[in-house]
Amino acid sequence: MLPIPTRRPALRLLCAGALLIAGIHLPAAAAEVAGVKFDDTATVAGKELKLNGAGLRTRFFIKVYAAGLYVPEKKANVAELLREEGPRRVAIVMMHDVSADTFSKAFMEGLNDNVDKTERTRLVPQITRFGQVFGMVENLKKGDVLHLDWIPGSGTQCELNGRKLGEPIPDLAFYNAVLRIWLGDKPVDSSLKPALLGDAR
């Protein structure tokens, strides 16, 4: 006797076909970094952004976090990325437990290494508020997702696991200073910088 065909494969095909006909697109992972998947797009301030690139931050052979950079249009040139006035996002997925204090200090070191004294002096109020944002978190744990978004007309908004941390910090120059932590002349990780630019090449 011939086996009775199951309806499940046919049902899955019908559902997939219906999604295609309806024009519904499920999010696709465009990049995978050490097991962390970054979607092809992200929506910030109502605008769909594209994944420019993604890479891994390591320190003393420890995988600290994976990071992805989302922008309106892919670019391989740092100067062009910094001139962008539209929304942007740095998505960070923790791969190791880190105290918020340690994470904040690393950010400040990255800022100091890539922003000259004159600009740092001008950005002191924003840098202070940025430090206060991390003061709202005790620890960053493996698997935590941190978003650093630039929202035009609002400012730099930090989110941890979908929860907003503090109020937006104004001044596009400050957000660009944050970006230079990874994309500046002295990036915190020399292999992460080209990775964040890699998808645009």
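All of the numbers you see were taken from the coordinates with simple rules; none came from a lab. This is a predicted model, so every value here is computed, not measured. Glycine gets a Cβ as well: all are built from the backbone with ideal geometry, and neighbour counts include every protein chain shown.
Compute the length gained on full extension between ALA106 and VAL124: take 0.36 nm times their separation in residues and subtract their Cα-Cα distance, giving the result in nm to one decimal.
4.8 nm
Loop-located GluC sites (Glu not before Pro) in segment 111-201 (DSSP state other than H, G, I, E, B) with a sparse environment of at most 11 neighbouring Cβ atoms within 10 Å: GLU138. Under a 5 Å amide H cut-off, with hydrogens placed 1.01 Å from N, SER99 pairs with LEU140 among residues at least 5 apart or on other chains. In this structure, the amide hydrogen of VAL64, modeled 1.01 Å from its nitrogen in the peptide plane, lies closer than 5 angstrom to those of ARG57, THR58, ARG59, counting only residues at least 5 positions away or on a different chain.
Among the trypsin sites (Lys or Arg not before Pro) found in segment 82-183, those both in a DSSP coil and sparsely packed, with 14 or fewer other Cβ atoms within 10 Å of their Cβ, are LYS141, LYS142. Label 7 Å along Cα→Cβ of ALA30; segment 81-114 residues with amide nitrogen under 14 Å? Residues 88-91 qualify, since their backbone N sits under 14 Å from the label point. Note on segment 91-201: semi-axes of the ellipsoid equivalent to its C-alpha gyration tensor, largest first and rounded to whole Å, are 19, 19, 15. Hydrodynamic estimate: the Kirkwood radius of segment 155-195 over Cα pairs, inserted into Stokes-Einstein at 10 °C and 1.306 mPa s, corresponds to D of 138 µm²/s. Can you compute log10 of I(q)/I(0) for segment 57-117 with the Debye formula, treating each Cα as one identical point scatterer, at q = 0.16, 0.27 Å⁻¹? The Debye formula, applied to the Cα set alone, gives -0.71, -1.17.
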